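The values are calculated or read from the model by the stated rules, or taken from the named source; none is laboratory data. What you see is a predicted model; the values in this text were computed from it and never measured. When we count neighbours, we look across all protein chains shown, and the Cβ atoms used for this are built from the backbone with ideal geometry, even at glycine. Keep in mind that these areas ignore ligands, DNA and RNA; they rest on the heavy atoms of the full protein, side chains included. Shrake-Rupley method; radii C 1.70, N 1.55, O 1.52, S 1.80 Å.
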Amino acid sequence: MKEKRTTEMSILKIVFIAIAIVIGLYISIAGWYTVDAGERAVQLRNGAITRTNDAGLYFKLPFIDSVKYISTRTQNRSFNELSTYSKDQQPAKIRASVTYKVPSGEAENVYLNFRDIEGLASNTIERQVPNQIENVFGHYSAIEAVQKRAQLTKDVNDAIKQSLENYPIIVESVQIEDIDFSRAYEQSVEDRMKAEVEVQTQKQNLEKEKITAEIAVTKAQAIADSTLAQAKAEAEAVILRGEAEAKAITAKTKALQANSALVELTKAEKWDGKLPATVLPNSTLPFIDTK
């Protein structure tokens, strides 16, 4: 009987030792936790924050301490078909996206006020982005929103960042990915663009015709100038020839007047050897025709 009790005591002792070992192993294993790069850990004891930890290996008391992880990585949230109106009352649906993150030093603040990053986004990004896009878009006419897309995006970025500057969140960028107007408005824009293209085409044709006309005028002027120059040259040539002939006749006349023998010589040179066919009346001297 006594031996039986001793055996039972031994078994109980072994069980207790085994339980102690298991508990010790659990504590040694469950008491450690790691924090990955790109996140912060908020360590709690009975619900109160004891500390926040960066990336690394840390110890906590099992069953007493707990850990909440807050990501500090860049997050992205999309907004599809945000309904809004332009300054000229044109309805539009906007597709946008936002990239944001929690500053590393704001993990405790995020947990205290929003519990986690999803709660933070729901109370900040989800509320402010649609409101600010609607406000900013309302300052642009429909055509301005299309033509000044870059400026619209910048204004939206500035407005959203300013509205969230008091929250533990950093908005890195806001992208206006698409602006979808009503079919009627898009058709009117298409018709207007066609009309503008037609006007530009007409202007180009008129400009082309103007250039062609200017070329024709230039050619005609060149031809006229050439003809006038040629006529002037011919006239001057005629004048020069006439002056030369006149000077020659004058010189010849003076020479004949100065020397009568030269006259007779000239007549002789022009005589063809035939007797004169004409005799002047009442004259004994025959007339020699020098022609």
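Summarised in one figure, the compactness ratio Rg/Rh of the range 68-182, Cα atoms and Kirkwood Rh, is 1.03.
As a test of understanding, state the convex hull volume per residue of the range 50-133 from its alpha carbons, in Å³.
Values: hull volume 9.0 nm³, N = 84.
Expressed per residue, the convex hull around the Cα atoms of the range 50-133 is 107 Å³.
Taking the Cα atoms of the range 35-96, the ratio Rg/Rh between the radius of gyration and the Kirkwood radius comes to 1.40. Note that the range 187-243 presents 84 Å² accessible area per residue, ligands and nucleic acids not counted, probe 1.4 Å. In the structure shown, do any of 161/194; 87/208; 148/210; 87/194; 154/210 have a Cα-Cα gap over 32 Å, and if so which? 161/194; 87/208; 148/210; 154/210, as the Cα separations exceed 32 Å there. The calculated Kirkwood hydrodynamic radius for the range 120-207 is 15.5 Å, given to one decimal from all distinct C-alpha pairs. The local environment of residue 74, defined by Cβ-Cβ distances under 9 Å, has a net charge of +1 under the rule Lys, Arg +1 and Asp, Glu -1. The residues neighbouring residue 180, those whose beta-carbon lies less than 11 Å from its own, together hold a net charge of -1 under the Lys/Arg +1, Asp/Glu -1 convention.
Give, in nm to one decimal, the length gained when the segment between residue 239 and residue 210 is fully stretched (0.36 nm per residue of separation minus the Cα-Cα distance). Walk me through the intermediate numbers first.
Values: separation 29, 0.36 × 29 = 10.44 nm, distance 4.23 nm.
Additional length available on full extension: 6.2 nm.
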